[in-house]
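> My structure is below; once you've seen it, I'll send some questions.
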Amino acid sequence: MFFASIQTLHIPDGFLSLFIAGLCWVVAIGFILLAIRRSQRSFDERLVPLAGMMAAFIFAGQMINFPVAGGTSGHFIGAALAAVALGPWLGILVMTAVIALQALLFQDGGLVVMGANILVMGITPALISYGLYRAVSHRPRRVQMITIAASAWLSIMGAALVTALLLGFSGTSSFRVAVPALLGVHALIGIGEALITAAALNLIMKTRPQLLQSSAAVGGRGWIASGVALTLLVILLAPFASRFPDGLEWVAAENGFLDTAVTAPFQLLPGYTIPILGAGSLSTIVASLIGALLAAAIMIILARLIHGRQAKMKRLRD
Amino acid sequence: MHVSAFDRYQHQHSRVHRLDPRAKVLMTLFFILSNALLPDGAWAAFLAAWGLALLAGSVAQLPPGYLFKRSFIALPFALAAVTVLFTVPGAAVLTFPLFSRTIAISDAGLARFASIVIRSWLSVQGAIWLTATTQFPDLMHALRHLRVPRLLIAIISFMYRYLFVLADEATRLLRAREARSAAPVSGKSGGSILWRAKVAGGMVGQLFLRSLERSERVYNAMLARGYRGQLLTMNPHVMMKRDWQELGTAVILIALVQVIGRLF
């Protein structure tokens, strides 16, 4: 039951090319080493019990959900809350521990691609959510809450976009489909995350205001700048990323046999547009929506199937 | 809640269980890397790699089919790779009409899709094998010897220790909500979605504060018992001659799989 949460962003081994997986490791290791150094400076020997307990909290918090409709539920994922409440460095460290344990203990996410998972679920959301929160941390609480909700949603979208890009560049997925499908599904998942994160931080702000003041003091202007820049990148890149040439086409173009290859027999939504609407951006948007709806429908059916089976197993156990 | 509710460790006294955890971590990583390096459509090599996984499972005295049964966890992700069926250029093997158009599955696309799924399926078996034969604290030690930052290891070990405590805490919160959520037999229950989200958020916030307070309490207790910023262990974990031999055998077998992948 505890692991039924929709965590489609845990990339398993075998889905990324070794080059991409290695590149992600380089970025992830850089961030982790920095995060360790910075966190150690501010927490000293308190760091291990604090970060360890918070990582266990994220894991346990992912069990908490709320029913939405039709057997689906909103979930808490946690990266945004960790970054805002604990500061970005500790947040990244906590998410790294969560991802590592999930991969090592439950095979939820691969081992060789763990660097990519840390980049997707730890670093990207921390940059986006903390950066945006930090930009308004001295504003009235209402503004802060709205920003936190929006940044939590955006951090999920950012994570989905990075995943789609990694899959696309690895030649595992077509950008045309992966980008709108992953963004579409996570637009829904992100709403649950946004609402829960905002409500949770609202409670924390009311009861322990000094905690958030100290987390806001961790990062300076650099965090605001990088958070806002990354957010803009996600928003601007999302509509265009689906038009990237596919990973396989990249390889083919490099080797110069693109012309000799047979044209792709993919004709369902050519160029990710609807034929009758022409090739304008409206056509792309409608096509993206159809893709997103299809993906969402598949996810809901899958979730129901899994949910039904688990309910049956639970009845059997009881 | 007990540790065994989560942990997939299988108590046995096999050769694999006695092996130094470092050797096992390296074997698993080499196996996963080897799967990633096999070219698309290297069916003979995939078969050989599966044979290797079966062999490793039986030497570890895992229940027959144990690796197989748990290996489908990564399968839903295969959805992400479905598109290569249609986008990889090649000869059409299957065409079917869809909305007044025909779409085709190419032979190269089919081979690529199957290869991606098989690679991931084999790699997951390697990871399950590692978890099933190595206790988590030993695994952490191995990673420490393999130069993973000490502090990160300490954090993950600590997390493992309190996973069950906080999972219990979350279960209590969920039970409390359920106890206060009466619903008529027919008709809608509860408030709006926004209200439900607020309740769930409040629970998460509550769990956060309780965890934070617990971490402070635990830290004080650790200080009282002489903690100086490092978790210590009595287990020396030395790579013996036998560990090197078994690691060498595994590397040779994996290299053989690679050779098969290039030749056939």
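> Considering (1) under 23 Å from B:Asp243 (Cβ atoms); (2) more than 11 Å from chain A (Cβ to nearest Cβ), say which one B:Ala45 fails and leave the rest.
(1)
> I would also like to ask the following. Does at least one position in segment B:243-261 carry a residue that is in contact (Cβ under 8 Å) with a residue 40 or more places away in the chain, surrounded by fewer than 15 Cβ atoms within 10 Å (Cβ to Cβ) and outside any helix (DSSP H, G or I)?
No, segment B:243-261 contains no residue that is in contact (Cβ under 8 Å) with a residue 40 or more places away in the chain, surrounded by fewer than 15 Cβ atoms within 10 Å (Cβ to Cβ) and outside any helix (DSSP H, G or I).
> Continuing with the same structure: I need a count of the residues in segment B:52-97 that are facing chain A (nearest Cβ under 9 Å), touching a Ser or Thr at 6+ places or on another chain (Cβ under 8 Å) and not aliphatic (A, V, I, L, M).
8
> Among the residues of segment A:34-46, what is the count of those that are facing another protein chain (nearest Cβ under 7 Å) and among the aliphatic types (A, V, I, L, M)?
1
> Okay, moving on. Return the residues of segment B:90-138 that are touching an Asp or Glu at 6+ places or on another chain (Cβ under 9 Å) and over 30 Å from B:Leu29 (Cα atoms); say none if nothing qualifies.
The answer is B:Gly90, B:Ala91, B:Ala92, B:Val93.
> Provide a single number: the residues in segment A:65-77 that are out of contact with any Gly (no Cβ under 6 Å at 6 or more places or on another chain) and crowded, with 24+ Cβ neighbours inside 10 Å.
1
Here is a yes/no grid of residues against (1) modelled with pLDDT under 90; (2) facing chain A (nearest Cβ under 7 Å):
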{"position": "B:Gly190", "(1), (2)": "yes, no"}
{"position": "B:Ile193", "(1), (2)": "yes, yes"}
{"position": "B:Ala197", "(1), (2)": "yes, yes"}
{"position": "B:Arg210", "(1), (2)": "no, no"}
{"position": "B:Gln230", "(1), (2)": "yes, no"}
{"position": "B:Pro236", "(1), (2)": "yes, no"}
{"position": "B:Gln245", "(1), (2)": "no, no"}
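> Kindly indicate which of A:Asp13, A:Asp108 is touching a His at 6+ places or on another chain (Cβ under 6 Å) and assigned to a loop (DSSP other than H, G, I, E, B).
Among A:Asp13, A:Asp108, only A:Asp108 is touching a His at 6+ places or on another chain (Cβ under 6 Å) and assigned to a loop (DSSP other than H, G, I, E, B).
> Now for a different question. Would you call A:Leu195 in a helix (DSSP H, G or I), out of contact with any Gly (no Cβ under 8 Å at 6 or more places or on another chain), touching a residue at least 60 places away in the same chain (Cβ under 8 Å) and buried (at least 19 other Cβ atoms within 10 Å of the Cβ)? Even if it seems obvious, please write down each step before you answer.
Numbers: in a helix (DSSP H, G or I): yes; out of contact with any Gly (no Cβ under 8 Å at 6 or more places or on another chain): no; touching a residue at least 60 places away in the same chain (Cβ under 8 Å): yes; buried (at least 19 other Cβ atoms within 10 Å of the Cβ): yes.
No: the conditions fail for A:Leu195.
> Using the structure shown, decide if A:Val179 is buried (at least 17 other Cβ atoms within 10 Å of the Cβ) and assigned to a helix (DSSP H, G or I).
In short, yes.
> Is it fair to say A:Gly109 is in contact (Cβ under 8 Å) with a residue 60 or more places away in the chain and either crowded, with 22+ Cβ neighbours inside 10 Å or over 30 Å from B:Ala142 (Cα atoms) (or both)?
On the way: in contact (Cβ under 8 Å) with a residue 60 or more places away in the chain: yes; either crowded, with 22+ Cβ neighbours inside 10 Å or over 30 Å from B:Ala142 (Cα atoms) (or both): yes.
So A:Gly109 passes the test.
> For segment B:144-157, give me each residue that is in contact (Cβ under 8 Å) with a residue 12 or more places away in the chain and more than 16 Å from the chain's Cα centre (by Cα).
B:His145, B:Leu146, B:Arg150, B:Ile153, B:Ala154, B:Ser157
> Same structure, new question: Is it true that some residue in segment B:201-211 is crowded, with 23+ Cβ neighbours inside 10 Å, hydrophobic (A, V, I, L, M, F, W, C) and farther than 24 Å from A:Thr96 by Cβ?
So far as segment B:201-211 goes, yes, one or more of its residues are crowded, with 23+ Cβ neighbours inside 10 Å, hydrophobic (A, V, I, L, M, F, W, C) and farther than 24 Å from A:Thr96 by Cβ.
> Here's another thing I want to ask about it. Scan segment B:107-143 for residues that are crowded, with 24+ Cβ neighbours inside 10 Å and more than 24 Å from the chain's Cα centre (by Cα) and report the count.
Matching residues across segment B:107-143 total 1.
> Is there a residue being touching a His at 6+ places or on another chain (Cβ under 6 Å) and basic (Lys, Arg) anywhere in segment B:56-74?
The answer is no; no qualifying residue exists.
> Let me ask you something else. Can you tell me how many residues in segment B:59-106 are exposed (fewer than 13 other Cβ atoms within 10 Å of the Cβ) and under 28 Å from A:Leu105 (Cβ atoms)?
Looking only at that region, the number is 5.
> Going by the structure shown, is A:Leu188 within 20 Å of A:Trp89 (Cα to Cα), at pLDDT below 85, in a helix (DSSP H, G or I) and not hydroxyl-bearing (Ser, Thr, Tyr)? Show your work before the answer.
Values: within 20 Å of A:Trp89 (Cα to Cα): no; at pLDDT below 85: yes; in a helix (DSSP H, G or I): yes; not hydroxyl-bearing (Ser, Thr, Tyr): yes.
Against the criterion (within 20 Å of A:Trp89 (Cα to Cα), at pLDDT below 85, in a helix (DSSP H, G or I) and not hydroxyl-bearing (Ser, Thr, Tyr)), A:Leu188 does not qualify.
> I'd like the full set of residues that are more than 7 Å from chain A (Cβ to nearest Cβ), under 29 Å from A:Glu45 (Cα atoms) and of a type outside the set (Val, Ile, Thr), limited to segment B:125-151. Outline the logic, then answer.
Applying the first criterion (more than 7 Å from chain A (Cβ to nearest Cβ)) to segment B:125-151 yields B:125-126, B:129-130, B:132-135, B:137-138, B:140-148, B:150.
Now drop any that are not under 29 Å from A:Glu45 (Cα atoms), which leaves B:134-135, B:137-138, B:140-148, B:150.
Matches in segment B:125-151: B:Gln135, B:Pro137, B:Asp138, B:Met140, B:His141, B:Ala142, B:Leu143, B:Arg144, B:His145, B:Leu146, B:Arg147, B:Arg150.
The values are calculated or read from the model by the stated rules, or taken from the named source; none is laboratory data. Since we're looking at a predicted model, the values are computed, not measured. Don't worry about glycine lacking a Cβ; one is built from the backbone with ideal geometry, like all the others, and counts go over all protein chains shown.
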